[in-house]
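Enquirer: Handing you a structure now.
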Amino acid sequence: AAAMTVQRLLRVAGGGTTGGLVVRIGKATSSEKRPERLSTGALVELLELDEDARRLRYRLVVGHGPEEGWVTTALHGKALIRPEADDIAPLRKRGELPQHRRYRQQLLRGRAGYVQGPSLSRPARLPPPGTGCLGSSGCDAEAGFAYVAVGAALEAPHLCRRCRQPLGDWGYGADGCSALSHVECEAQAIVAEATEEAAARRKQDAASKRARRAEFKIGWDACFIPRSPRLWNSLGFAPSSQPRLVGVAMRGLASAGGESAGLEPTEDPSAAVVVEYLATALRVRLRDHREPFFSLDPKRDPLSAGVVWSSQWQAKRFEPEWLSRTRAGDVMFQADYYLKAVSMGEFDQPVVGMRSCLANRESPLDMDEWRARAWFVVRWANIWKVDGDFLIPDVVMGIEAREQILGVDGELEDAAIVNPEHPLSKYAKAFTHFFDLIAERQGAIFYLRELAKAAVLAKYLAEAGLPVDARLDACVELTDADPPMEVPQLWN
């Protein structure tokens with residue numbers, strides 16, 4: 001029989017009970033069969049037709065199945081493929097393909113809110129989504145979703161269950177295709193669901209961390225601020241003349257013709273000192289001949305064999321040990337813990353433009369190959385003597401990056417980081433640059449700077465051999481209960 005080639009659109013009408021029409025590579029029914037079937041309702045373009053053999057070669061336009069192949073046009077007197085009214089040639093001439101025209105018609109009908117079906121004698125409302133599959137489907141077992149072909153023979157458009165716009169020819173469904181949506185809408189829903197889960201997880205983590213901070217007294221609070229007025233009676237100030245600010249002033253000694261240092265009221269904030277910090281620093285200087293010292297060190301993991309350091313706990317180390325029960329010890333711990341946490345991105349950065357160590361990982365260093373921490377240091381200090389013989393301590397503080405390496409004795413030792421591209425070196429440089437600004441915004445940093453001023457003043461008084469009011473030692477207050485000496489590392 002002679003074969004002829006025509007340019008016509010055809011609609012697949014058969015294969016509804018078998019999942020579509022069998023597609024073969026060649027015209028002969030004995031040729032190789034393609035793994036996929038041509039879905040019922042698909043729109044195809046006729047490429048070649050053998051009327052005697054009832055075989056047709058097509059190109060897929062709309063629907064699911066192989067892009068090209070041979071199919072049977074009729075079986076047992078039943079037409080499997082029927083002509084479509086519109087020809088594809090004039091559509092191509094005016095730049096509109098059948099799927100574009102059909103989607104445009106569905107969109108207009110969907111906006112109108114009703115459809116005119118072939119079996120309906122009057123306008124009817126759109127059927128609600130979730131009434132079942134609208135056509136043949138192919139299921140992705142691994143993803144658990146089904147890609148559903150909206151039956152091309154249906155005149156009623158199906159609305160997306162998310163954006164309420166017509167689906168077009170394909171929808172995305174789940175749970176047995178009970179409801180359909182656009183692929184883009186489903187992707188946005190998956191992203192939104194993941195975002196909500198992440199937000200809920202962050203909220204739960206934040207609540208857990210707040211409880212841990214309250215349990216171990218982590219975080220700056222007003223109760224850590226020294227209250228100087230309660231010390232005035234022990235220092236000899238009458239209740240009616242208790243000063244707001246107190247500074248250290250030089251006094252003449254009539255008996256020896258020398259000088260001594262004593263507390264005097266002042267109205268100059270730069271000359272004021274925190275009495276309890278000064279008393280604590282003087283006791284450490286006179287008894288231990290050093291400055292107050294604190295370090296938050298990694299804790300050995302008792303459950304691991306060998307030298308293994310826990311990444312979840314930190315141990316407090318005070319020198320001398322009785323500092324742990326003073327307010328000076330409180331401010332050193334709170335400031336050091338805040339520095340470690342904020343440097344690792346646990347809190348928002350105190351100054352806009354600062355970046356945590358995690359954000360500074362553009363360097364070639366491997367974050368898993370180093371263990372480091374930052375130290376508060378006094379970079380420069382001086383004592384000024386102004387009118388009225390007041391002694392004014394002046395300090396410039398900063399941050400130093402230290403890398404912790406394993407020593408010969410199996411203990412961690414601090415070594416200065418000399419690489420300027422190290423993430424912690426970058427952070428220490430930025431923190432040092434904004435130190436005074438950060439001190440005005442963070443209470444723990446502000447009072448740590450006040451403690452540093454008191455320590456510098458105590459060192460000057462001790463090394464100069466100036467007599468100091470003995471009543472200052474009584475201003476050191478020790479708490480009755482010992483604080484926890486191990487705290488959780490919440491910045492991980």
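The values are calculated or read from the model by the stated rules, or taken from the named source; none is laboratory data. From a predicted model like this one, the values you see are computed outputs, not experimental measurements. Glycine gets a Cβ as well: all are built from the backbone with ideal geometry, and neighbour counts include every protein chain shown. Ligands, DNA and RNA are stripped out before the accessible areas are found, and what is left, the full protein with its side chains, is counted by its heavy atoms. Shrake-Rupley method; radii C 1.70, N 1.55, O 1.52, S 1.80 Å.
Enquirer: List the residues, sorted by chain then number, that are 5 or more residues from ASP469 or on another chain and whose placed amide H is less than 5 Å from its amide H.
Expert: Residues meeting the amide H criterion: ALA261.
Enquirer: Okay, moving on. Which value, in Å² and to the nearest 10, is the accessible area of ILE225 when all protein chains are kept and the probe is 1.4 Å?
Expert: The accessible area comes out at roughly 30 Å².
Enquirer: May I pose another question? Considering only C-alpha atoms, what is the centroid distance from segment 388-439 to segment 54-87, in Å?
Expert: Distance between centres, Cα-based: 78 Å.
Enquirer: Rounded to whole Hz and in sequence order, give me ³J(HN,Hα) for segment 401-408 from the Karplus expression 6.51 cos²θ - 1.76 cosθ + 1.60, θ = phi - 60°, writing x for Gly and Pro.
Expert: 8, 10, 9, 9, 10, 7, x, 5
Enquirer: Take the Cα pairs of segment 364-471, get the Kirkwood Rh, then feed it into Stokes-Einstein at 10 °C and 1.306 mPa s and tell me D in µm²/s. Intermediate results must be reported in sequence, preceding the final value.
Expert: Details: Rh = 16.5 Å.
The diffusion coefficient I find is 96 µm²/s.
Enquirer: Quick one: order ILE405, ILE445 from most to least accessible surface, probe 1.4 Å. Kindly include the intermediate steps, with their values, before the conclusion.
Expert: Working: ILE405 75, ILE445 0 Å².
Sorted by accessible area, descending: ILE405, ILE445.
Enquirer: Can you work out the Karplus-derived ³J(HN,Hα) for every residue in segment 270-287? Use 6.51 cos²θ - 1.76 cosθ + 1.60 with θ = phi - 60°, whole Hz, and x for glycine or proline.
Expert: Calculated HN-Hα couplings, in order: 5, 8, 6, 10, 7, 4, 5, 5, 5, 5, 5, 5, 5, 5, 5, 5, 6, 8 Hz.
Enquirer: Rounded, prolate or oblate for segment 419-492? Axes are the square roots of the Cα gyration tensor eigenvalues, ordered a ≥ b ≥ c, and the cut-off for rounded is a/c under 1.5.
Expert: Numbers: a/c = 2.58, a/b = 1.49, b/c = 1.73.
It comes out oblate by the Cα gyration axes.
Enquirer: Below 10 angstrom from the Cβ of ALA458, what's the summed charge of the other residues (Lys, Arg +1; Asp, Glu -1)? Walk me through the numbers on the way to the answer.
Expert: Numbers: positive: ARG283, ARG285, LYS453, LYS459; negative: GLU291, GLU463.
Combined, the nearby Lys, Arg, Asp and Glu give +2.
Enquirer: Taking K and R as +1 and D and E as -1, what net charge do the other residues with C-beta under 12 Å from the C-beta of GLN334 add up to? Write out the running numbers ahead of the final one.
Expert: Details: positive: ARG213, LYS217, LYS316, ARG327, LYS340; negative: ASP221, ASP330, ASP336.
Computed value for this residue: +2.
Enquirer: Subtracting the Cα-Cα distance from 0.36 nm times the residue separation, let me have the gained length for ARG54 to ALA74 in nm, one decimal. Walk me through the numbers before you get to the answer.
Expert: Working: separation 20, 0.36 × 20 = 7.20 nm, distance 0.64 nm.
Extra length available between ARG54 and ALA74 comes to 6.6 nm.
Enquirer: Turning to a different aspect of this structure: I'd like the accessible area for TYR337, computed on protein heavy atoms only with a 1.4 Å probe and all protein chains in place. Round to 10 Å², please.
Expert: For TYR337, the solvent-accessible surface is approximately 10 Å².
Enquirer: All other residues with a Cβ under 12 Å from the Cβ of THR280 taken together, and with Lys, Arg as +1 and Asp, Glu as -1, what is their net charge? Each step should come with its number before you reach the end.
Expert: Working: positive: ARG283, ARG285, ARG287, ARG325, ARG327; negative: GLU276, ASP288, GLU291, ASP330, GLU450, ASP473, GLU477.
Surrounding charge for THR280 is -2.
Enquirer: Shape call for segment 427-470 from the C-alpha gyration tensor, a ≥ b ≥ c root eigenvalues: rounded (a/c under 1.5), prolate (a/b greater than b/c) or oblate?
Expert: Working: a/c = 5.17, a/b = 2.49, b/c = 2.08.
Note, shape of segment 427-470 comes out prolate.
Enquirer: From largest accessible area down, sort ASP52, ASP297; use a 1.4 Å probe on the protein chains. All intermediate terms of the calculation are to be shown ahead of the outcome.
Expert: Details: ASP52 120, ASP297 30 Å².
In descending accessible area the options line up as ASP52, ASP297.
Enquirer: Skipping prolines and chain starts, which residues have an amide H placed within reach, meaning under 5 Å, of the one on TRP313, given they are 5 or more residues away or on another chain?
Expert: The list, which skips near neighbours in sequence, is LYS299, GLN489.
Enquirer: Given 10 Å bins starting at zero, what is the percent of C-alpha pairs of segment 5-46 in each, up to the one with the largest pair distance?
Expert: For segment 5-46, the binned pair fractions read 29, 47, 24 percent.
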